[in-house]
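Input: a single structure, listed below in structure tokens.
The values are calculated or read from the model by the stated rules, or taken from the named source; none is laboratory data. Because the structure is a prediction, the values reported are computed rather than measured. Here the Cβ is made from the backbone with ideal geometry for all residues, glycine too, and neighbour counts use every protein chain on show.
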Amino acid sequence: MQRKIPQSNLYLREEELRRGIELLYFAYRDFTRDPDKILAESGFGRAHHRVLYFVGRNPATTVSGLLKLLRITKQSLSRVLGQLVEDGYIDQQPGTTDRRQRLLHLTEKGRDFEKQLFASQRERVARAYKTAGPDAVAGFWEVLLNIVDESEREIVLRQIEK
């Protein structure tokens with residue numbers, strides 16, 4: 001039998017806020033564990049995973065679009081993207097209207113690798129959703145969205161509604 005976390009109507013007290021923050025840390029630790037193992041075998045890290053995921057979700061995105069979405073430095077993205085391109089996971093094509101643009105696409109190798117990474121997380125999240133039920137999932141999404149900076153919520157909503 002799965003142990004349930006006690007509920008409290010005093011969820012804005014410091015102790016309850018700390019409980020939520022700790023649960024986020026522990027959930028993230030376990031959410032990233034399986035993909036981290038797969039990534040390590042290829043000499044990659046979480047930054048590579050994020051780039052693969054979001055290029056896969058946004059085919060033909062530009063480097064500047066990816067920078068805006070991930071909110072990382074150009075230098076960080078350049079290092080990670082360079083490795084993924086060099087190793088054959090991502091292909092860069094010139095833009096159709098502006099040849100200086102680089103449109104990013106996963107290669108077949110990149111799609112296969114991203115699917116493998118996603119599968120380990122999909123199973124964990126699906127299991128958690130099934131256990132918690134639809135009302136809890138809707139509440140979870142609402143909490144996560146409200147953790148996102150208010151100025152970024154529309155961008156996030158457009159991204160997740162693809």
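Identify the single condition in (1) of a type outside the set (G, A, S); (2) more than 25 Å from Q93 (Cα to Cα); (3) part of a helix (DSSP H, G or I) that L52 does not satisfy, given that it satisfies every other one.
(2)
Being among the charged types (D, E, K, R) and modelled with pLDDT of 95 or more narrows it down to one residue among R29, R3; which is it?
Selected residue: R29, the only one of R29, R3 that is among the charged types (D, E, K, R) and modelled with pLDDT of 95 or more.
Restricting attention to the range 114-149, which residues are small (G, A, S) and either within 14 Å of the chain's Cα centre (by Cα) or not in a helix (DSSP H, G or I) (or both)?
Keep residues of the range 114-149 that are small (G, A, S), which gives 119-120, 126, 128, 132-133, 136, 138-139.
Scanning the range 114-149 gives A119, S120, G133.
In the range 92-114, is there at least one residue being closer than 30 Å to G20 by Cα and surrounded by 12 or more Cβ atoms within 10 Å (Cβ to Cβ)? Give the derivation first.
Residues of the range 92-114 that are closer than 30 Å to G20 by Cα, as a first pass: 114.
Okay, now just the ones that are also surrounded by 12 or more Cβ atoms within 10 Å (Cβ to Cβ), so 114.
Taking every residue of the range 92-114 in turn, at least one turns out to be closer than 30 Å to G20 by Cα and surrounded by 12 or more Cβ atoms within 10 Å (Cβ to Cβ).
Going residue by residue through the range 89-110, is there one that turns out to be part of a helix (DSSP H, G or I) and either within 19 Å of the chain's Cα centre (by Cα) or more than 24 Å from S42 (Cα to Cα) (or both)? Steps first, answer last, please.
Step one: filter the range 89-110 for residues part of a helix (DSSP H, G or I), giving 108-110.
Now restrict to residues that are either within 19 Å of the chain's Cα centre (by Cα) or more than 24 Å from S42 (Cα to Cα) (or both): 110.
Scanning the range 89-110 turns up at least one residue that is part of a helix (DSSP H, G or I) and either within 19 Å of the chain's Cα centre (by Cα) or more than 24 Å from S42 (Cα to Cα) (or both).
Just to be sure I understand the filter: pairs with C-beta atoms under 8 Å, separated by 6 or more residues or on different chains, first member in the range 81-95 and of a type in the set (S, T, Y), second member in a strand (DSSP E or B) and at pLDDT 95 or above. Which pairs pass?
Y89/L106
For L70, all conditions in the list (1) under 25 Å from G139 (Cβ atoms); (2) among the hydrophobic types (A, V, I, L, M, F, W, C); (3) without any contact (Cβ under 8 Å) to a residue 60 or more places away in the chain hold save one; what is the number of the exception?
Tallying (1) under 25 Å from G139 (Cβ atoms); (2) among the hydrophobic types (A, V, I, L, M, F, W, C); (3) without any contact (Cβ under 8 Å) to a residue 60 or more places away in the chain, L70 fails exactly one: (1).
Quick one: which of G82, G110, G133 is at pLDDT 95 or above and either at positive phi or in contact with a Cys (Cβ under 8 Å, 6 or more places away or on another chain) (or both)? Write out each step before concluding.
On the way: G82 fails: either at positive phi or in contact with a Cys (Cβ under 8 Å, 6 or more places away or on another chain) (or both); G110 fails: either at positive phi or in contact with a Cys (Cβ under 8 Å, 6 or more places away or on another chain) (or both).
So the residue among G82, G110, G133 that is at pLDDT 95 or above and either at positive phi or in contact with a Cys (Cβ under 8 Å, 6 or more places away or on another chain) (or both) is G133.
Considering only residues that are under 18 Å from Y28 (Cβ atoms) and free of Cβ contacts under 8 Å to residues at least 24 places away in the same chain, which ones fall in the range 115-135?
Selection gives R122, E123, A126, R127, A128, Y129, A132.
Among what's in the range 53-84 and is more than 21 Å from Q121 (Cα to Cα) and among the charged types (D, E, K, R), pick the residue that is surrounded by the fewest Cβ atoms within 10 Å (Cβ to Cβ).
Out of the qualifying residues, it is R71.
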